[in-house]
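All remarks here apply to the structure that follows.
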């Protein structure tokens, strides 16, 4: 299974906002920090705003911030909200035409694996991606603060 770019960029955007909670962040700044398409990120920003994950402020000096505390943003809920399709194979989707339907045990195994995957995500929040784990013996390294993108004149983008 592979998550779509929508999920990938949504998670990256929320991580960036979680690391910069003290201020508004712009789409251009986040796109530059991750070297991703600003146009695509703008669509994602719109969807996350509609979904209540982020708050956006329009106009000069505007930007976005998390709408919820990081511990209130469940990774499973986010992925379910932004992923368009969880049909790993034809038989798990709508319009199934597979000739093996009803005879194949793979359907149940893949459905169970998908449920396990989502359940694992349900056990984590954005806060888990931003904070050090309780186990001091872990090999966790803090996310380095991403540099703020600068324009040619040296101003923040």
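We did not get these values from a lab; they are worked out from the coordinates using the rules stated. None of these values were measured; they are calculated from a predicted model. Here the Cβ is made from the backbone with ideal geometry for all residues, glycine too, and neighbour counts use every protein chain on show.
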Expected sort for 36-42, 7-13 on mean C-beta neighbours within 10 Å, highest first, is 7-13, 36-42
Return the FRET efficiency for the residue pair residue 35, residue 103: r is the Cβ-Cβ distance, R0 is 41 Å, and the value is rounded to the nearest 0.05.
0.30
Label-point gap, in nm, between residue 28 and residue 131 - each point 7 angstrom along Cα→Cβ
3.5
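Given a cut-off of under 8 Å on Cα pairs at least six residues apart, what relative contact order in percent is computed for segment 5-130? List each step's numbers first, then the result.
Numbers: 123 pairs, mean separation 36.7, N = 126.
It comes to 29 percent, rounded to a whole number.
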Whole-Å distance linking the alpha carbon centroid of segment 77-119 with that of segment 6-58 is 29
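Assuming R0 = 22 Å, what is the FRET efficiency of residue 3 and residue 67, from their Cβ-Cβ distance, to the nearest 0.05? Don't jump to the answer; show the numbers that get you there.
Working: r = 22 Å, r/R0 = 1.00.
The pair residue 3/residue 67 has a calculated efficiency of 0.50.
If you stretched the chain out fully between residue 83 and residue 111, how much longer would it get, using 0.36 nm times the residue separation minus the C-alpha to C-alpha distance?
Values: separation 28, 0.36 × 28 = 10.08 nm, distance 1.61 nm.
Separation in residues times 0.36 nm, less the Cα-Cα distance, equals 8.5 nm.
Test of understanding: what is the full-extension gain from residue 120 to residue 60, defined as 0.36 nm times their sequence separation minus their Cα-Cα distance?
Values: separation 60, 0.36 × 60 = 21.60 nm, distance 4.03 nm.
So the extension gain works out to 17.6 nm.
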